[in-house]
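Comments concern the structure below.
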Amino acid sequence: MAKLSLSDLHAIREREEKNLRKRDIHGRNVHVVVAMGTSGINAGAKLVLNTLAEEVEKAGLDNVIITQTGSAAPNPEPVVEVFEPKKGLVVYGSVDADTARRIVSEHLADGRILEDKRIELVEKEQ
Amino acid sequence: MHDASDLLLEAVANSAEAGACSIEATVDLSGGMISIRVEDDGSYTLRSDPFQDGSTTKGEGRGRGLALVKDSCSGRCRLTRGERGTVLEFRREDDGSFDALDKALLPIFMEYEGISVTIRKDTREFTLDRDYLEKRDAVPDRAGRIGRFRAIISSLKGEIYG
């Protein structure tokens, strides 16, 4: 077997670290996505993202991963999507800091969907 | 209306959408002003007025980000070619949006790989990059890591804000 060079070892380590990160993401069974396009930020999505992060941290919800996506227009922003295996995809619109706290305490922690804030996602017309 | 930290977020998103693998942002908080510089290695086609609303190389319905930067900075902005790629610079009054530094930086370090941010205040500064956070398991996208991220920011902030 040929000897591996230092750069080969670095390449292998990088590849394995990437694979490890992918497995780690897949191991989380609840995925929260915040729409952080220009219109979302203008509507307060950054505050919503920070509130979700703070509440998930406080509640110690280790199975939740939070990520971002682009604009959700023409839907009422800020928009938050929650995906979990049992309930599937649930989308919330016009989310503010209070709603973000409820998403964590009611939906993520207790499994109760916030029907009053739920929306049907409308695709942007091409 | 976007605050200054929102504009930094827009600028970083703009770089990422341009395919940048490396994004270096500098935020200078001095003399009641905020100066932001974002350099990336993305591929742009510079237009005659890239700050014009709707001016974009990214397709129909895009191109609000740079127009927002211009509006929010009363025109104190420019987009140029740098050593590594494209440089966006803008300057506006300090609106206090970087006082809660963890909240300003969390969306950036949560999402973007290859990002580094330097915060400079008067003669002090620190630089934080995504690799540093990854090595400390502090990329703020899940419980545990969010707390570690905040602790790191708090410690670094103490060094330059006093």
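The values are calculated or read from the model by the stated rules, or taken from the named source; none is laboratory data. Given the structure is predicted, the values throughout are model-derived calculations rather than measurements. Cβ sites come from the backbone with ideal geometry, for glycine too, and all protein chains shown count toward neighbours.
Out of the residues in the range A:11-29 that are more than 10 Å from every other protein chain (Cβ to nearest Cβ) and surrounded by 11 or more Cβ atoms within 10 Å (Cβ to Cβ), which is modelled with the lowest pLDDT?
Going through the qualifying residues, I end up with A:ILE12.
How about the range A:52-70: which of its residues are within 9 Å of chain B (Cβ to nearest Cβ) and buried (at least 18 other Cβ atoms within 10 Å of the Cβ)?
Within the range A:52-70, A:ALA53, A:GLU54, A:VAL56, A:GLU57, A:LEU61, A:VAL64, A:ILE65, A:ILE66, A:GLN68 qualify.
For the range A:57-69, indicate whether the set of residues that are within 27 Å of B:ALA16 (Cβ to Cβ) and in a helix (DSSP H, G or I) is non-empty.
Among the residues of the range A:57-69, at least one is within 27 Å of B:ALA16 (Cβ to Cβ) and in a helix (DSSP H, G or I), which makes the answer yes.
Is it the case that the range A:71-79 has a residue that's surrounded by 17 or more Cβ atoms within 10 Å (Cβ to Cβ), out of contact with any helix residue (DSSP H, G or I) (no Cβ under 9 Å at 6 or more places or on another chain) and assigned to a loop (DSSP other than H, G, I, E, B)?
Yes, the range A:71-79 has at least one match.
Return the residues of the range B:113-160 that are in contact (Cβ under 8 Å) with a residue 60 or more places away in the chain, more than 14 Å from every other protein chain (Cβ to nearest Cβ) and not in a loop (DSSP other than H, G, I, E, B); say none if nothing qualifies.
Residues satisfying the conditions are B:SER116, B:VAL117, B:THR118, B:ILE119, B:ARG120, B:LYS121.
Residues B:LEU105, B:LEU8: which one is in contact with a strand residue (DSSP E or B) (Cβ under 6 Å, 6 or more places away or on another chain) and at pLDDT 85 or above?
B:LEU8
Between residues in the range A:22-37 that are within 10 Å of A:ILE65 (Cα to Cα) and among the hydrophobic types (A, V, I, L, M, F, W, C) and residues that are assigned to a loop (DSSP other than H, G, I, E, B) and at pLDDT 90 or above, which pairs lie under 6 Å by C-beta distance while being six or more apart or on different chains?
Once the first residue is within 10 Å of A:ILE65 (Cα to Cα) and among the hydrophobic types (A, V, I, L, M, F, W, C) and sits in the range A:22-37, its partners that are assigned to a loop (DSSP other than H, G, I, E, B) and at pLDDT 90 or above give A:VAL30/A:ASN63.
If you go through the range A:100-121, how many residues are modelled with pLDDT of 95 or more, over 22 Å from A:GLY60 (Cβ atoms) and of a type in the set (A, V, I, L, M, F, W, C)?
Number of matching residues: 1.
Could you count how many residues in the range A:78-106 are charged (D, E, K, R) and either in contact with a Lys or Arg (Cβ under 7 Å, 6 or more places away or on another chain) or within 13 Å of chain B (Cβ to nearest Cβ) (or both)?
Number satisfying all stated conditions: 1.
Pairs needed: first member in the range B:95-111, more than 8 Å from every other protein chain (Cβ to nearest Cβ); second member anywhere, part of a loop (DSSP other than H, G, I, E, B) and aliphatic (A, V, I, L, M); C-beta distance under 7 Å; at least 6 residues apart or different chains.
B:PHE109/B:VAL139
Matching residues to (1) touching a Phe, Trp or Tyr at 6+ places or on another chain (Cβ under 9 Å); (2) farther than 21 Å from B:ILE146 by Cα:
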position: A:LEU49; (1), (2): no, no
position: A:ALA59; (1), (2): no, no
position: A:ASN63; (1), (2): no, no
position: A:THR67; (1), (2): no, no
position: A:ALA73; (1), (2): no, yes
position: A:GLU77; (1), (2): no, yes
position: A:GLU81; (1), (2): yes, no
position: A:LYS86; (1), (2): no, yes
position: A:TYR92; (1), (2): no, yes
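Here is a check on your reading of the model: is B:GLY82 more than 14 Å from B:ASP28 (Cα to Cα), away from chain A (no Cβ under 14 Å), among the small types (Gly, Ala, Ser) and loosely packed, with under 14 Cβ neighbours inside 10 Å?
No; evaluated as a whole, the condition is false for this residue.
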